[in-house]
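Written out below as structure tokens is the structure these notes cover.
The values are calculated or read from the model by the stated rules, or taken from the named source; none is laboratory data. If you're wondering where the values come from, they're calculated on a predicted model, not measured in any experiment. Heads up, the Cβs are rebuilt from the backbone with ideal geometry, glycines too, and the neighbour counts pull from every protein chain shown.
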Amino acid sequence: MSFLEINHVHHTYFTKTSATTALSDVSIQIEEGEFISFLGPSGCGKTTLLSIIAGLLSPTQGKVYLESKPIDTSNDHIGYMLQQDYLFPWKTIEDNILLGLKLSNQLTNETKQYALDLLGKMGLKGVEKQYPKQLSGGMRQRVALVRTLATEPKILMLDEPFSALDYQTKLKLEDLVSNTLKAFGKTAILVTHDIGESIAMSDKVYLFAANPGRVHKMFTIPDELRQLTPFEARSHELYTTIFQKIWKELESLE
Ligand code: ADP
Ligand code: MG
């Protein structure tokens, strides 16, 4: 069995007057340490699938296994990084990065030091006593990443974490996140509607189609690109080739 197994997952949202099938027969296997992207237009079920993997939502059919065990709802296996950083404005950066550890009863001198060291590694030494509003958008996303990594989750889910940033900040943060996750050997799932971002950052790209949400095609990113940083990958000739391929597939879905 793979590290993470998504087996024939189907999900329908029911309201009083309607039923929306958000996911139809989705099966995906992810190995430990892999960086995967879920790419697709809005409404194709990407966030629904993340919620199911996180154990926040039970699928109407199908099962998800992490290390051969069914996903439970305790949720401590997952770290989230979202479009909005969700830092608490009234708490200092230090209190913000320790929050996840506190909530999961993991706060010790050791884990605290680990989190503070991580902050330094992200180039944010000296901001501990500052408040989120004193930091730029890119810095706040780095703080959010530290908070997420501090609890040492088994999987990191990144739901469009760069989409609210200006282009230059986004490119820099892509490299930082990619290098950091590689260094830690973390398994990660990135949700994005940005073709370039998915190619530059991942080992595999799952292209989703909508109505109902499903996996349309999987693309394996060649080693030549995976060895490069996302920024370098963007100027490799293979990047353009794969971009065109995915673009054509996306067009065929419309
Ligand atoms: P994505 O993240 O790819 O944009 P979502 O998973 O958010 O897609 O949504 C997939 C489909 O399910 C959409 O048609 C959306 O309208 C519907 N949907 C999402 N959440 C709910 C909900 N809580 N209740 C009803 N329908 C929902
Ligand atoms: Mg979404």
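The number of residues in segment 1-11 being surrounded by 15 or more Cβ atoms within 10 Å (Cβ to Cβ) and in a strand (DSSP E or B) comes to 7. Among the residues of segment 14-29, those that are within 7 Å of ligand 1 (Cβ to nearest atom) and within 11 Å of PRO212 (Cβ to Cβ) comprise THR20, ALA22. I'm trying to understand the selection: among the residues of segment 14-37, which are touching a residue at least 24 places away in the same chain (Cβ under 8 Å) and surrounded by fewer than 22 Cβ atoms within 10 Å (Cβ to Cβ)? Listed by number, the residues that qualify are THR21, SER24, ASP25, SER27, ILE28, GLN29, GLU31, GLU32, GLY33, GLU34.
Quick check on GLY40: is it within 16 Å of ligand 2 (Cβ to nearest atom) and either touching a residue at least 24 places away in the same chain (Cβ under 8 Å) or polar (S, T, N, Q) (or both)? Answer is yes for this residue. So in segment 63-78, with the set limited to residues that are surrounded by fewer than 17 Cβ atoms within 10 Å (Cβ to Cβ) and in a strand (DSSP E or B), which one is nearest to ligand 1 (Cβ to nearest atom)? Among those that are surrounded by fewer than 17 Cβ atoms within 10 Å (Cβ to Cβ) and in a strand (DSSP E or B), it is LYS63. Restricting LYS112, LYS91 to those that are over 22 Å from the mean Cα position of the chain (by Cα), farther than 24 Å from LEU4 by Cβ and assigned to a loop (DSSP other than H, G, I, E, B) reduces the list to LYS91. Suppose we keep only residues that are over 12 Å from VAL215 (Cα atoms) and either in a strand (DSSP E or B) or aliphatic (A, V, I, L, M) (or both) within segment 30-46. Which one would you say is nearest to ligand 1 (Cβ to nearest atom)? By that ranking, first place goes to ILE36.
Residues that are of a type outside the set (Phe, Trp, Tyr), within 22 Å of PRO70 (Cα to Cα) and within 16 Å of ligand 2 (Cβ to nearest atom) within segment 10-36 comprise HIS11, ALA22, LEU23, VAL26, ILE36, listed in sequence order. Among the conditions (1) within 16 Å of ligand 1 (Cβ to nearest atom); (2) at pLDDT 95 or above, GLU110 misses just one, which is (1).
Looking across LEU118, LEU149, LEU99, one residue alone is in contact with a Gly (Cβ under 8 Å, 6 or more places away or on another chain) and either acidic (Asp, Glu) or outside the structural domain of LEU23 (by TED's automatic domain parsing) (or both). It is LEU149.
Taken over segment 214-237, residues that are free of Cβ contacts under 8 Å to residues at least 40 places away in the same chain and among the hydroxyl-bearing types (Ser, Thr, Tyr) amount to 2.
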